[in-house]
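Quick notes on the structure that follows.
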Amino acid sequence: MRRRYIQIDGVLYEKGQEPVSEGVYFVPDIKPYKSMIDGSIISSRSQHREHLKANGCVEVGNDLPKTQKPLPDVSPQKRKELIAAQVYAMSHDEFKKAIKRDVDFVKWNSRTS
């Protein structure tokens, strides 16, 4: 089994064994983002909730729904075309952010203990 560690103030703690902070933690408001629904700028959690409700949308997490339909079996060539179309539709800044997110994901999820 792989052990994971967290470093706090220069001290390594095994994950789950780290000391609990006794201070108060405030969750900051969300950073402004461009709505995928209509392109408007959403700049607060309350505006985000109102926007979802007004457009009949529901926020979901990363978990797959239990009733999810299987993805259609698409040929590798069609899959490449779809990915290419999505990438070409991105702005330069969106592409840079996506690459950074993927690099960070690989960096933080491929480390060995």
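Things worth noting here:
- Inter-probe distance in nm under a simple model that places probes 7 Å from Cα toward Cβ, at K96 and K34: 1.4
- Rounded to the nearest 20 debye, the dipole size of the chain about its Cα centre is 440 debye, using +1 on the Cβ of Lys and Arg and -1 on the Cβ of Asp and Glu.
- Count Lys and Arg as plus one, Asp and Glu as minus one, and take only other residues whose Cβ is under 15 Å from that of N55; the net charge is then 0.
- Charge dipole (the chain, unit charges on Cβ, about Cα centre) - positive-most of Q47, I83, Y25: I83
- For the chain, radius of gyration divided by Kirkwood radius, i.e. Rg to Rh on alpha-carbons: 1.04
A short reminder: the numbers here are calculations on the coordinates, not readings from a lab. This is a predicted model, so every value here is computed, not measured. Every residue, glycine among them, receives a Cβ derived from its backbone with ideal geometry; neighbour counts consider all protein chains shown.
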